[in-house]
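Note sheet for the following structure.
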Amino acid sequence: SQTIHQWPATLVQPVGSPLSLECTVEGTSNPNLYWYRQAAGRGLQLLFYSVGIGQISSEVPQNLSASRPQDRQFILSSKKLLLSDSGFYLCAWSVPSLDSYGPNSPLHFGNGTRLTVT
Amino acid sequence: AQSVTQLDSQVPVFEEAPVELRCNYSSSVSVYLFWYVQYPNQGLQLLLKYLSGSTLVKGINGFEAEFNKSQTSFHLRKPSVHISDTAEYFCAVSSNNAGNMLTFGGGTRLMVKP
């Protein structure tokens with residue numbers, strides 16, 4: 001069966017410090033991978049998605065970046081965190097659609113990382 | 001562009017009472033619809049999905065939803081809720097026109113009281 005691991009679960013970082021959040025998927029090959037952010041009291045915002053190694057699409061301009069160095073590894077990074085980067089970050093995967101990227105098949109989420117920038 | 005509106009940010013309800021969480025979407029083409037549930041400090045889990053076929057969709061934990069194309073709605077219902085149903089519920093839509101990318105609503109917090 002497929003599993004998704006996301007770490008760390010919680011993180012407190014000072015403003016201006018770097019960030020690296022990691023997500024790995026097991027039990028499937030060539031998944032679509034996604035990073036979402038959930039700000040307090042708000043819905044989910046898609047930050048990045050990837051349909052293959054080295055292929056990253058950004059949905060929202062910001063000081064965050066994403067990388068996919070391996071098929072089932074997805075990393076969210078920042079060189080200098082801002083206060084506004086605080087939130088709940090969720091990694092997700094889906095089975096690739098036959099016709100294009102994106103989930104007609106459901107998303108499977110990790111347990112999230114709660115990031116507090118102080 | 002597609003969008004999702006969840007009309008209620010919070011829904012308080014007593015245990016064993018029925019509940020309906022409302023979801024309306026906008027899209028100019030055929031859509032696929034989903035409901036996800038998020039328990040505190042966890043990721044989202046799929047409750048149910050509508051891709052095609054019967055407009056009444058049954059999901060896990062006794063939830064069901066009905067796709068109404070004329071009203072562009074996909075309301076989530078449960079005839080009798082439990083304390084354990086307390087969570088945040090998200091409606092989401094995708095369509096071929098939007099590259100099959102999911103768009104989420106703002107979420108509805110269901111609070112079940114004893």
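The values are calculated or read from the model by the stated rules, or taken from the named source; none is laboratory data. Keep in mind that this is a model prediction, so the values were computed, not measured. Because the Cβ atoms are built from the backbone with ideal geometry, glycine has one as well, and the counts that use them run over all protein chains shown. We work out accessible area using only protein heavy atoms, side chains counted, and drop any ligands, DNA or RNA first. Shrake-Rupley method; radii C 1.70, N 1.55, O 1.52, S 1.80 Å.
Annotations
- Whether a residue is in a loop (DSSP other than H, G, I, E, B) and at pLDDT 90 or above was assessed, and A:Ser17 passes this test.
- Among the numbered conditions (1) open to solvent by 50 Å² or more (accessible area, probe 1.4 Å); (2) more than 14 Å from chain B (Cβ to nearest Cβ); (3) at pLDDT 85 or above, the only one that A:Pro61 does not meet is (3).
- Residues of the stretch B:74-87 satisfying the condition of being open to solvent by 10 Å² or more (accessible area, probe 1.4 Å) and assigned to a strand (DSSP E or B): B:His75, B:Arg77, B:Lys78
- Subset of the stretch A:25-54 [away from every other protein chain (no Cβ under 14 Å) and in a strand (DSSP E or B)]: A:Glu26, A:Gly52
- Test: residue in the stretch B:63-73 that is free of Cβ contacts under 8 Å to residues at least 60 places away in the same chain, in a strand (DSSP E or B) and open to solvent by 70 Å² or more (accessible area, probe 1.4 Å): yes
- Hey, A:Val60 of a type outside the set (D, E, K, R), in contact with a helix residue (DSSP H, G or I) (Cβ under 7 Å, 6 or more places away or on another chain) and part of a loop (DSSP other than H, G, I, E, B) or not: no
- Of B:Ile60, B:Ile83, all but one fail to be more than 21 Å from A:Asn32 (Cα to Cα) and within 14 Å of chain A (Cβ to nearest Cβ); the exception is B:Ile60.
- Only listed residue being without any contact (Cβ under 8 Å) to a residue 12 or more places away in the chain and on the phi < 0 side of the Ramachandran plot, chosen from B:Leu56, B:Leu51, B:Leu46: B:Leu56
- Residues of the stretch B:88-107 that are surrounded by 21 or more Cβ atoms within 10 Å (Cβ to Cβ) and more than 10 Å from chain A (Cβ to nearest Cβ): B:Tyr89, B:Val93.
- Taken together, the residues in the stretch B:41-57 that are in contact with a strand residue (DSSP E or B) (Cβ under 7 Å, 6 or more places away or on another chain) and over 19 Å from A:His108 (Cα atoms) amount to 3.
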